[in-house]
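Have a look at the structure below, then the notes.
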Amino acid sequence: MSTTFQLDTSTSRANPTPAPMRRLTVPMIRARKVDGVTAEPIVMLTAYTARQAQLLDPHCDVLLVGDSLGQVIYGLPSTVPVTMEMMANHAAAVVRGSYHSVVVVDMPFGAYEASPQHAFEAAATLLKASGAAAVKLEGGEAMAETVAFLSQRGIPVMGHVGLTPQAVNVLGGYGARGRSQAEAAKIVGDAKALDAAGAFAVVVEGVVEPIAIAVTEAISCPTIGIGASARCDGQVLVTEDMLGMFERVPRFVKKYEDIAGIISSTAEKYANEVRDRSFPGPDQLYQPK
Ligand code: KIV
């Protein structure tokens with residue numbers, strides 16, 4: 001695990017390093033919502049690597065080192081097997097690659113549920129190892145005591161309600177939540193409990209739109225929607241999903257690009273040039289003086 005927080009500008013090989021900006025803070029993100037109104041929506045994307053962070057950073061307010069890296073980077077079947085070491089290493093890389101955004105790191109499944117004390121130790125380990133500013137954890141009312149324990153002891157917490165992927169084995173899948181009245185009431189109650197416990201923001205994932213709006217109106221801290229509503233106080237997507245890295249994505253993802261197509265056709269061009277010996281060409285070769 002990395003223990004140094006120095007910004008390593010040498011990784012910026014292809015582009016000039018952006019001039020270091022003053023990094024946003026957790027209180028600045030929390031303060032975007034005043035008396036229920038968020039004039040400037042919060043822009044959040046996932047990031048897992050230093051270079052990805054460099055590219056996303058100027059456009060975002062928050063970079064989330066999501067445990068979705070389990071599926072996106074490691075090819076795991078869910079977020080359940082993701083480890084503390086994975087989260088700490090990727091979070092450290094994202095901190096090194098960013099200057100502007102608040103970096104939030106997901107607490108992996110099993111690292112925080114047992115007790116507030118257990119959660120504090122895990123969260124402190126992640127923040128010390130990475131230099132990230134805050135943690136995110138999944139769950140509502142059941143996690144409120146933990147959220148209060150952490151936030152009163154110097155660890156800002158972002159909550160996550162609705163579809164909580166770490167609970168896939170309990171939920172039985174990744175379908176939208178809040179379709180029944182009981183489920184809808186529970187999601188609103190969960191978000192209220194996190195807000196009262198001191199969460200600085202709450203991710204609302206995969207819920208029917210009226211629930212996302214009800215949660216946004218019911219809590220004082222900002223909501224960050226994913227498969228929720230444009231009326232949330234901010235939005236987040238998994239970067240690889242919105243770039244078009246995967247063929248199959250959830251219904252709520254908008255693919256802004258076809259990166260998979262670009263990578264595939266570029267690899268094909270390279271392979272053809274290697275095979276017909278047109279690469280490397282004169283521009284790529286060292287000549288004797
Ligand atoms: O792990 C993740 O990327 C997330 C976002 C989808 C909110 O939790």
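FYI, it's all coordinate maths here, none of it is from the lab. A quick note: this is a predicted structure, and the numbers were derived from the prediction, not measured. With ideal geometry, Cβ positions are generated from the backbone for all residues, glycine too; neighbour counts draw on all protein chains shown.
Name all residues of segment 140-175 having a backbone nitrogen under 16 Å from the label point set 7 Å from the Cα of A218 along its Cα→Cβ direction, giving them as ranges.
Label zone hits: 140-144, 159-164.
Would you calculate, for the chain, the mean residue ellipticity at 222 nm contributed by helices, counting each DSSP H stretch of 4 or more residues as -39,500 (n - 2.57) and dividing by all residues, to the nearest 500?
-10500 deg cm²/dmol
Provide the per-residue ³J(HN,Hα) series for segment 171-182, in order, calculated from phi with Karplus coefficients 6.51, -1.76, 1.60 and θ = phi - 60°, each as a whole number of Hz, with x at glycine and proline positions.
Residue by residue, segment 171-182 yields 6, x, x, 10, x, 4, 9, x, 7, 9, 4, 5 Hz.
Calculate, in nm to one decimal, what Q181 and R248 gain on full extension: separation in residues at 0.36 nm each, minus their alpha carbon distance.
Between Q181 and R248, full extension yields 21.1 nm more.
So how tilted is helix 259-275 from the main axis of the chain? Cα-based, degrees 0 to 90, rounded to 10.
20
Which GluC sites (Glu not before Pro) does segment 180-289 hold that lie in a coil by DSSP with at most 16 other beta carbons within 10 Å?
Hits after loop and neighbour filter: E247, E257.
Just want to confirm a number: the relative contact order over segment 131-229, from Cα pairs under 8 angstrom separated by 6+ residues, in percent.
About 29 percent, as a whole number.
In nm, give the distance between the simple-model label positions of E268 and V170, each being 7 Å from the Cα along the Cα-to-Cβ direction.
It works out to 4.6 nm between the two label points.
May I ask for the net charge around M107, where only other residues with Cβ less than 12 Å from the Cβ of M107 are counted and Lys, Arg are +1 while Asp, Glu are -1?
Counting the neighbours of M107, the net charge comes to -4.
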